[in-house]
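Comments concern the structure below.
The values are calculated or read from the model by the stated rules, or taken from the named source; none is laboratory data. It should be emphasised that the depicted structure is a prediction, and the values quoted were computed from it without experimental measurement. Cβ coordinates were reconstructed from backbone atoms using ideal geometry, including for glycine residues, and neighbour counts include every protein chain displayed. The protein model used for the area step is the full one, side chains on, heavy atoms only, and it has no ligands, DNA or RNA in it. Shrake-Rupley method; radii C 1.70, N 1.55, O 1.52, S 1.80 Å.
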Amino acid sequence: MNYEINFVIPQGPTGPQGLVGATGPTGPTSGLSAYGGKYNNTASNISLGIGTQSQVPLPVSMPNLNTTYATTNSITVTQSGVYEINFYSNVSVALGTTLTLAVRANGTNIASTVVSRALSVGTSSICSGSALVQLPANTVIDMAVSALLAVGVTLGSGTGASLTVKKIST
């Protein structure tokens, strides 16, 4: 024999509030912790000697965070980390030659940014690229051009050259 008993137990009053727990870890921050950029927006001429590098003029500054513009044509990163470097130039030459553009860190070419082009007289060429580079704090970044011959180089009108850095990791 089975019996079914059906009844309701009344609910008692709510108990006192418990203790507050520990604060959890801080969540990730949004946005970049360091960035900056420079560009040239006027037609500019650069006179190159044989096999010598000349700094690309970048007189106009972009918004920046944790980078500085201590010199006219460069960006100084103030924090160490992995940076994405983007660069662009629109160039033409007065004599047919091979022209090389590179982003430099403290005056030394960053190998992954070296771009060479064989150019004819009066023909414009776009040189651009992107690289991920580990940089120590206080590294000075700039762009430079060189050629196999002594030659005049012209940056195109509009934005003739630009250089940006973004810190993407520590």
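Annotations
Residue by residue, here is whether (1) among the hydrophobic types (A, V, I, L, M, F, W, C); (2) under 30 Å from residue 144 (Cβ atoms); (3) at pLDDT 85 or above; (4) in contact with a Phe, Trp or Tyr (Cβ under 8 Å, 6 or more places away or on another chain) holds:
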{"position": "5", "(1), (2), (3), (4)": "yes, no, no, no"}
{"position": "12", "(1), (2), (3), (4)": "no, no, no, no"}
{"position": "17", "(1), (2), (3), (4)": "no, no, yes, no"}
{"position": "24", "(1), (2), (3), (4)": "no, no, no, no"}
{"position": "35", "(1), (2), (3), (4)": "no, yes, yes, no"}
{"position": "39", "(1), (2), (3), (4)": "no, yes, yes, no"}
{"position": "63", "(1), (2), (3), (4)": "no, yes, yes, yes"}
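- Residue within the range 19-36 that is open to solvent by less than 60 Å² (accessible area, probe 1.4 Å), touching a residue at least 24 places away in the same chain (Cβ under 8 Å) and outside any loop (DSSP other than H, G, I, E, B) present: yes
- For residue 166: the one exception among (1) among the basic types (Lys, Arg); (2) at pLDDT 95 or above; (3) in contact with a Cys (Cβ under 7 Å, 6 or more places away or on another chain): (3)
- First in the range 61-73 and in contact (Cβ under 8 Å) with a residue 24 or more places away in the chain, second anywhere and in a loop (DSSP other than H, G, I, E, B), Cβ under 6 Å, 6 or more apart: 61/69; 65/34; 66/34; 66/78; 66/79; 67/34; 73/57; 73/58
- Residue that is most open to solvent (accessible area, probe 1.4 Å), among those in the range 121-158 that are more than 18 Å from residue 39 (Cβ to Cβ) and outside any strand (DSSP E or B): 148
- Output for the range 56-77, where each listed residue is among the β-branched types (Val, Ile, Thr), over 16 Å from residue 157 (Cα atoms) and crowded, with 16+ Cβ neighbours inside 10 Å: 67, 75, 76, 77
- Hits in the range 78-118 (condition: open to solvent by 10 Å² or more (accessible area, probe 1.4 Å) and on the phi > 0 side of the Ramachandran plot): 106, 107
- Criterion applied to 124, 74, 112, 130 was being of a type in the set (S, T, N, Q) and at pLDDT below 95, and the one residue passing it is 124.
- Complete set of residues in the range 43-61 that are hydrophobic (A, V, I, L, M, F, W, C) and over 13 Å from residue 150 (Cβ atoms): 43, 56, 58, 60
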